[in-house]
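Peer 1: Could you have a look at this structure, given as structure tokens, before my questions?
The values are calculated or read from the model by the stated rules, or taken from the named source; none is laboratory data. Remember, predicted model here, so these are calculated numbers, not experimental data. Cβ placement follows ideal geometry from the backbone for every residue including glycine, while neighbour counts extend to all protein chains displayed.
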């Protein structure tokens, strides 16, 4: 499957370090995302490159699954990114490649922060791969649907972070 990407953004009326505190809190997406249900640190208690956390996801079409995330960028107050792997082989052979790379980018607007939330799917297999395997002639439709579904969750996460940061 080819890599696919999507992103969403919004402006938050708060200083960058205040927004950063919410972005770097690995529990924030689980509080707002319809898919990510919970997370827990595995070998760290604070965000830093190489730190890992476990996530539990649920989707009405894909079911439930566990991921292991590794922080790959932690540049306060500009960027926070992590890769996600399928440690249980639920979607296929376990490789060293990520199923997805997630990130937040913060841009200081001078009177707030433009917060960008993005994801790149691939190169490792994911739930999307299973659907495409079964119905290869519908690959483009599956991809469009999955990216729209992810954008919906990303917007909910951004709105939740905005609420917390603007309090």
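Peer 1: Is one or more of the residues making up the range 5-17 surrounded by fewer than 16 Cβ atoms within 10 Å (Cβ to Cβ) and in a helix (DSSP H, G or I)?
Peer 2: Yes: the range 5-17 contains one or more residues that are surrounded by fewer than 16 Cβ atoms within 10 Å (Cβ to Cβ) and in a helix (DSSP H, G or I).
Peer 1: When the range 1-25 is examined, which residues are found to be within 19 Å of residue 152 (Cα to Cα) and free of Cβ contacts under 8 Å to residues at least 60 places away in the same chain?
Peer 2: Hits for the range 1-25: nothing passes.
Peer 1: Moving on. Anything in the range 37-53 that is assigned to a loop (DSSP other than H, G, I, E, B) and either modelled with pLDDT under 95 or surrounded by 12 or more Cβ atoms within 10 Å (Cβ to Cβ) (or both)? List them, or say none.
Peer 2: 42, 43, 44, 45, 46, 47, 49, 51
Peer 1: If you don't mind, another one. Report whether or not residue 34 is in a loop (DSSP other than H, G, I, E, B), surrounded by fewer than 15 Cβ atoms within 10 Å (Cβ to Cβ), in contact with a helix residue (DSSP H, G or I) (Cβ under 8 Å, 6 or more places away or on another chain) and at negative phi.
Peer 2: For residue 34, the condition - in a loop (DSSP other than H, G, I, E, B), surrounded by fewer than 15 Cβ atoms within 10 Å (Cβ to Cβ), in contact with a helix residue (DSSP H, G or I) (Cβ under 8 Å, 6 or more places away or on another chain) and at negative phi - is met.
Peer 1: Quick check, is residue 26 under 14 Å from the mean Cα position of the chain (by Cα), on the phi < 0 side of the Ramachandran plot, surrounded by fewer than 19 Cβ atoms within 10 Å (Cβ to Cβ) and modelled with pLDDT of 95 or more?
Peer 2: Judged against the criteria, residue 26 is not a match.
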